[in-house]
Amino acid sequence: MKVTISDVARLAGVSTATVSHTINNTRYVSAETKDKVYRAIAELGYTPDASARSFRTGKKKTVGFIVPDISNKFFATMIEVVENYLSAKGYHLIIANTKESVQREETNIRLLTAGLVDGLLIASTMDDFARFDELIPAGFPVVLVDRTFPMKKYTSVTVSNFQPIYRAISRLAGKGCRRVGLIAGLDRLSSTQERVTAYQEAVTDCGLESSPSLICYNDLKEDCALRCLDHLVMEQKCDALLVCQGAMATTAFSCLNITGKAKGLELVGFVDYDAGFYDPYYVGADRIIQPVESLGQAAGEEILRRIEEPDAPIFEKVLTSEYKPHPGH
């Protein structure tokens, strides 16, 4: 049964008019009452119809950004770029951190689309498009960032890593490597799936040893990097390692250098931008540099375009990362 505005009012202990004024920002409502209303909205999963007049006329000059991990330098940098861009356009930014939890993402989507923001940037952690799609009110401005779905219903801004990964594997093969281990991200994410596909195609085309045992997925546990290293370096005897995530690469390479296990091992790792910050961790390693600042700029531009032109055609912007071999190689 569809949740109604009356259900929200009843749970919050206020009138339906107060709920409406809170959502549409059409009259003063105290902070305490607003908190009650938004808590009720989140608890009940209430989703207003974004095609209603209030969503077309009552701009809040605010954008929401739902990210999976604010502690990750990739997303932290992107947030800063988006915020700077929106601020220059007279908009505010609200950040919601899901910690890669589908349930937290659902709650934040419901809360933010209930009248808090004019549009949403989302780096989704979901793998079920139908589940995601039913959370978005009809006509609500949304831009998918970094991660997308096979169904192209929403504007997206992403990065392709296929070519850089393919080039990296080809270079490793040319240096005589035979067993290249891969540390990937969460297997349900579109970004991870593209990276794994690029790795598999390159390994096959280069005639290298290919096995599911050479791929280790990141399950977000604190000791994941260490477990992946033990599996790929110690058990699988890999002679090269490709780490497809910046924070994981920093951790993995630091461990390898400290323990001396990096000796004789060819390394390739993702970085969030080309800076000397990474030099102590990426000793002798090739880099795949993510265009995170360009990604943030494009995300800001696209969400404002969707807000200002809600009927504009869906647009897919794909940036490309850069493969940068170590200068000593």
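Output the qualifying pairs, or none if there are none: Cβ atoms under 8 angstrom, residues six or more apart or on different chains, first residue in the range 186-200 and in a loop (DSSP other than H, G, I, E, B), second residue of a type in the set (V, I, T).
L186/T125; L186/T192; D187/V196; R188/T125; L189/T125
So which residues in the range 203-223 are of a type in the set (V, I, T) and either modelled with pLDDT under 95 or assigned to a strand (DSSP E or B) (or both), if there are any at all? I'd like the intermediate steps shown before the answer.
Going through the range 203-223, the residues of a type in the set (V, I, T) turn out to be 203-204, 215.
Within the range 203-223, just I215 meets the criteria.
Taking the range 288-300 on its own, how many of its residues are open to solvent by 30 Å² or more (accessible area, probe 1.4 Å) and touching a helix residue (DSSP H, G or I) at 6+ places or on another chain (Cβ under 7 Å)?
Adding up the residues that qualify gives 2.
Can you find a residue in the range 150-168 that is open to solvent by less than 20 Å² (accessible area, probe 1.4 Å), at pLDDT 95 or above, in a loop (DSSP other than H, G, I, E, B) and not polar (S, T, N, Q)?
no
Just to be sure I understand, how many residues within the range 110-140 are at positive phi and open to solvent by 50 Å² or more (accessible area, probe 1.4 Å)?
1
Residues of the range 56-97 being under 12 Å from L304 (Cα atoms), in contact with a Gly (Cβ under 6 Å, 6 or more places away or on another chain) and in a helix (DSSP H, G or I), which ones?
The answer is V82, Y85, L86.
Considering only residues of the range 185-217 that are more than 20 Å from S321 (Cβ to Cβ) and of a type in the set (G, A, S), which is most open to solvent (accessible area, probe 1.4 Å)?
Of everything passing the filter in the range 185-217, S210 is most open to solvent (accessible area, probe 1.4 Å).
Restricting attention to the range 129-141, and to residues there that are out of contact with any Lys or Arg (no Cβ under 7 Å at 6 or more places or on another chain) and not charged (D, E, K, R), which single residue is nearest to R195 (Cα to Cα)?
First, pick out the residues of the range 129-141 that are out of contact with any Lys or Arg (no Cβ under 7 Å at 6 or more places or on another chain): 129-132, 134, 136-140.
Retained after the next criterion (residues that are not charged (D, E, K, R)): 129-130, 132, 136-140.
Details: F129: 20, A130: 24, F132: 23, I136: 28, P137: 32, A138: 32, G139: 32, F140: 30 Å.
Ranking the qualifying residues of the range 129-141, first place goes to F129.
Across the range 169-184, what is the total count of residues that are buried (at least 22 other Cβ atoms within 10 Å of the Cβ), more than 13 Å from T197 (Cα to Cα) and of a type in the set (G, A, S)?
Selection size over the range 169-184: 1.
Would you confirm, using the coordinates I've provided, whether D230 is open to solvent by less than 80 Å² (accessible area, probe 1.4 Å) and acidic (D, E)? If you could, list the steps in order and put the result at the bottom.
Values: open to solvent by less than 80 Å² (accessible area, probe 1.4 Å): yes; acidic (D, E): yes.
Yes: the conditions hold for D230.
Can you name every residue in the range 25-34 that is open to solvent by 50 Å² or more (accessible area, probe 1.4 Å), in contact with a helix residue (DSSP H, G or I) (Cβ under 7 Å, 6 or more places away or on another chain) and assigned to a helix (DSSP H, G or I)?
K34
Quick check on the range 5-24. Is at least one of its residues modelled with pLDDT under 80, open to solvent by 20 Å² or more (accessible area, probe 1.4 Å), in contact with a helix residue (DSSP H, G or I) (Cβ under 7 Å, 6 or more places away or on another chain) and under 30 Å from V157 (Cα atoms)? Reasoning before the result, please.
Taking the range 5-24 first, the residues modelled with pLDDT under 80 are 23-24.
Those left that are additionally open to solvent by 20 Å² or more (accessible area, probe 1.4 Å): 24.
Going one step further and asking which of them are in contact with a helix residue (DSSP H, G or I) (Cβ under 7 Å, 6 or more places away or on another chain), we end up with 24.
Imposing the further condition that a residue be under 30 Å from V157 (Cα atoms) reduces the set to 24.
Yes, there is a match, as at least one residue in the range 5-24 is modelled with pLDDT under 80, open to solvent by 20 Å² or more (accessible area, probe 1.4 Å), in contact with a helix residue (DSSP H, G or I) (Cβ under 7 Å, 6 or more places away or on another chain) and under 30 Å from V157 (Cα atoms).
Every residue in the range 98-109 that is buried (at least 22 other Cβ atoms within 10 Å of the Cβ), in a helix (DSSP H, G or I) and not aliphatic (A, V, I, L, M), please.
In the first step, residues of the range 98-109 are kept if they are buried (at least 22 other Cβ atoms within 10 Å of the Cβ); the result is 98, 105, 108-109.
Now narrow it down to the ones that are in a helix (DSSP H, G or I): 105, 108-109.
Hits for the range 98-109 are E105, N108.
The values are calculated or read from the model by the stated rules, or taken from the named source; none is laboratory data. Here the structure is a predicted model, which means the values were calculated and not measured. Don't worry about glycine lacking a Cβ; one is built from the backbone with ideal geometry, like all the others, and counts go over all protein chains shown. Surface accessibility is based on the protein's heavy atoms, side chains included, excluding ligands, DNA and RNA. Shrake-Rupley method; radii C 1.70, N 1.55, O 1.52, S 1.80 Å.
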